[in-house]
Amino acid sequence: MIKEKIKLGDLLESKGLITKEQLQKALLIQKENSYNKKLGEILVNEGFIEEKELAEILAKQLDLEFIDLYSIEIDFSLFENYPINLFKNADSIVFKEDEDFVHIATADPLNYDAIEMFEKYVAIKPIKLYVAPKSEIKHIFERFEIIQTTKTLIEDVKREIQSGALKHENEQSSVMKLIEQIIKNAILHNASDIHIEPSNLSAIVRSRIDGVLRENFIFEKEVYTALASRIKLLGNLDISERRKAQDGRFSLKIFDKNYDFRLSTIPTLYGESIVLRILDQQKVLLKLNELGFNKTNLKKMENFLKTPYGIVFVTGPTGSGKTTTLYASLNEIKGVENKAITIEDPIEYQLPLIQQIQVNEKIGFTFAHILKSVLRQDPDIIMVGEARDFETLNAAVQASLTGHLVFSTLHTNDAPSAVTRMVQMGLEPYLIADSLIGIVSQRLARKICPHCKRRYRPHKSILEKVERYLPKNVTFYKGEGCAKCFFTGYSGRIVISEILENNDSISHLISSNANKFEIVKEAKKFGYAPMIIDGLRKSLLGITTLEEILRVVKVS
């Protein structure tokens, strides 16, 4: 056991990691909370030190080993041999046992009373102590709870596999119940996608919630095999084909509502990775003013929609909400007085008063091929899901020049880069200058949960990245985590955007083949503001966190 008595605050101050003033402030907060909060936790919450930094300095000072729990295989069966609540309350975890030691990771190596208790319970072998970040230990406990909650279902599936009952494809089979349980859990958490991923010995199920993956289930490889086969049957895929990617679709009634699921499988080292996209056909389409555009950008978007002809591009990486913005835009201008046609791959949601066309590249029914035929359908508005090659891009631009309002998407990091990207794809600069109405670049940032929102100060290393954009004495907010947000601190998402409007001045630069920096310089004269500005404003308003903005937006 550790004999050396160390005061954490004094140690961090002596190492120059915190100032005397920061220590005094943290001690005051601890006193105000009746000493119910640990000093290290307060220092992290106030942004004075990072959690990993704290763990590493403690490990070094106490001559212990720092361990990254995400980089090792955890033996969850060990949890049943020890009093789990004792370890949980002490922010500690047993992660391995060998012939010589019981290996324990702790976030609080200065909690000598807890360490003494560990030694009493593990009397057979000596303990070997490691230091790990508290968040990693918390995540391991969450994984264990996931295993426990699905244990009964998993056992039923394993019994079915052994008895051969799976061969009858019974809708009420345990495998089908497990699939429904996975889907129900994802829908309850407002997930957009479900990922089922095999590893060497097991498989995990993760859900993408507000753009971030969270682990939900863990089970044995034999259960995964049965699960994968059943899902492929649902999607009308070839269950014997495991060497190439397959795509499918199926529908299920969950919570008395009909849901469509887009299915994708792809072979990996340990089996097929399966992804389900959840499509709620009863979901009401958002309006443009509900997406989160700031007043200036919303006004620009509305002006784009009033333009009789030309092309509008929405740019951003996969999962940045481009399709939602396009749907919302079409929703604003569709009507019986005009004809709107979309070309999509795939069609995710059905829109009233709009003719939607599904791309089928296997038979040559491509974006470019369809677009040429669409022009003979006398459309007013055309949406091209993605301008992924020169042929499609050129056809879309030509359509905009012949009196049609065209919407499309590109994969670029910001709005000005879209101009450069089009030139690189082979489009003549003068065609871009003549056809372009504007470019919208966007990301989706998670919103702070309103039920557990509180003030906090981000770490100095984070503030340094954006300090040139910030006024003095600013206040930031974050969510502490509560039952309402499933202890994530976030609930829902909001658009972070920048919009480049085309005008005579910028059009002249584009046709002269000006570079991105020249276009940005000129655009700023007309109100263009990079995406980071919109993100920082939303973090200062308490809509999202500074860390979330820096996760989705690059600071130039």
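The values are calculated or read from the model by the stated rules, or taken from the named source; none is laboratory data. Since this is a predicted model, take the numbers as computed values, not measurements. Glycine also receives a Cβ, built like all others from the backbone with ideal geometry; neighbour counts cover every protein chain displayed. Calculation scope for accessible area: heavy atoms of the full protein, side chains included, ligands and nucleic acids excluded. Shrake-Rupley method; radii C 1.70, N 1.55, O 1.52, S 1.80 Å.
Between 0 and 90 degrees, the angle of helix 174-188 with respect to the longest Cα principal axis of the chain falls at about 70 degrees. If the label point is 7 Å along Cα→Cβ of Thr318, which residues in the stretch 343-363 have backbone nitrogen under 11 Å from it? Once the point is set 7 Å along Cα→Cβ of Thr318, nothing inside the stretch 343-363 turns out to lie under 11 Å by backbone N. Can you list the residues of the stretch 488-504 with backbone N under 18 Å from a point 7 Å past the Cα of Arg454, pointing along Cα to Cβ? The answer is 488-491, whose backbone nitrogens lie closer than 18 Å to the label point. Here's the list of lysines a cross-link from Lys15 could span, going by alpha-carbon distance under 22 Å and ignoring same-chain residues fewer than 8 apart: Lys3, Lys5, Lys7, Lys25, Lys38, Lys52, Lys60, Lys134, Lys460.
Leaving out ligands and nucleic acids, note down the accessible area per residue over the chain with a 1.4 angstrom probe, in whole Å².
Value for the chain: 50 Å² per residue.
Taking θ as phi - 60° and the Karplus parameters 6.51, -1.76 and 1.60, the scalar couplings of the stretch 103-108 work out to 8, 10, 9, 9, 8, 9 Hz in sequence order, x denoting glycine and proline. Given axes a ≥ b ≥ c from the Cα gyration tensor, I'd like to know whether the stretch 488-556 is rounded (a/c under 1.5), prolate (a/b larger than b/c) or oblate. Prolate.
Sorting the segments 413-419, 362-368 by their residues' average number of neighbouring beta-carbon atoms within 10 angstrom, most packed first, yields 413-419, 362-368.
Count Lys and Arg as plus one, Asp and Glu as minus one, and take only other residues whose Cβ is under 13 Å from that of Glu518; the net charge is then +3. Would you compute, from DSSP H runs of 4+ residues alone, the mean residue ellipticity of the chain at 222 nm, taking -39500 (n - 2.57) per run and dividing by the full residue count, rounded to the nearest 500? Here the helix-only value at 222 nm equals -11500 deg cm²/dmol.
What the Cβ-Cβ distance of Glu332 and Glu56 gives, at R0 = 56 Å and to the nearest 0.05, is a FRET efficiency of 0.60. Largest accessible area first, the listed residues Leu541, Leu237 line up as Leu541, Leu237 when surface is computed with a 1.4 Å probe on the assembled protein chains. Taking a sphere under 9 Å around the Cβ of Ile494 and counting the other residues whose Cβ falls inside, with K and R at +1 and D and E at -1, yields a net charge of +4.
Once the chain from Leu401 to Thr307 is taken as fully extended at 0.36 nm per residue, the excess over their C-alpha distance is 32.6 nm. Sorting 402-409, 138-145 by their mean Cβ neighbour count within 10 Å, with the most densely packed peptide first, gives 402-409, 138-145.
Please give the contour-minus-distance gain from Glu65 to Thr475: 0.36 nm per residue of separation, less the Cα-Cα distance, rounded to one decimal in nm.
Fully extending the segment from Glu65 to Thr475 adds 143.9 nm.
State whether the stretch 223-280 is rounded, prolate or oblate according to the following rule on the C-alpha gyration tensor (a ≥ b ≥ c being the square roots of its eigenvalues): a/c under 1.5 gives rounded; otherwise a/b larger than b/c gives prolate, and the remaining case gives oblate. Judged from the Cα gyration tensor, the stretch 223-280 comes out prolate (a/c at least 1.5, a/b above b/c).
Cα centroid separation, the stretch 187-232 to the stretch 410-488: 29 Å.
With all protein chains in place and a 1.4 Å probe, the accessible surface of the stretch 495-556 carries 54 percent carbon and sulfur. For Lys521, the aspartates and glutamates whose Cα comes closer than 16 Å to its Cα, not counting residues fewer than 8 places off in the same chain, are Asp414, Glu498, Glu501, Asp504.
Can you tell me the FRET efficiency between Ile124 and Gln148 if r is taken as the Cβ-Cβ distance and R0 is 22 Å, rounded to the nearest 0.05? The formula returns an efficiency of 0.30 here.
Which FRET efficiency, nearest 0.05, do Ile239 and Leu286 yield, Cβ-Cβ r, R0 41 Å? Don't jump to the answer; show the numbers that get you there.
Values: r = 37 Å, r/R0 = 0.91.
E between Ile239 and Leu286, to the nearest 0.05, is 0.65.
Under the simplified labelling scheme, the Ser373-Asn85 pair shows an inter-label distance of 6.7 nm, with each label point 7 Å from Cα along Cα→Cβ. Cross-link reach is defined here as a Cα-Cα straight distance under 29 Å, omitting same-chain residues fewer than 8 places apart; for Lys362 the lysines meeting it are Lys232, Lys244, Lys322, Lys339, Lys372. Taking Cβ atoms as reference points and 11 Å as the exclusive limit, the residues near Cys485 contribute a net charge of +2, counting Lys and Arg as +1 and Asp and Glu as -1. In order along the stretch 55-61, the Karplus-derived 3J(HN,Hα) couplings, from 6.51 cos²θ - 1.76 cosθ + 1.60 at θ = phi - 60°, round to 5, 5, 5, 5, 4, 5, 5 Hz, and Gly and Pro are given as x. Extending 7 Å from the Cα toward the beta-carbon at both Gln162 and Lys7 defines two label points whose distance is 6.0 nm. Protection proxy ranking of 447-457, 486-496, by the mean of other Cβ atoms within 10 Å over each peptide's residues and highest first, is 486-496, 447-457. Decide, for the chain, between rounded, prolate and oblate: order the square roots of the alpha carbon gyration tensor eigenvalues as a ≥ b ≥ c, take rounded if a/c falls under 1.5, and otherwise choose prolate if a/b is larger than b/c, else oblate. The shape class here is oblate.
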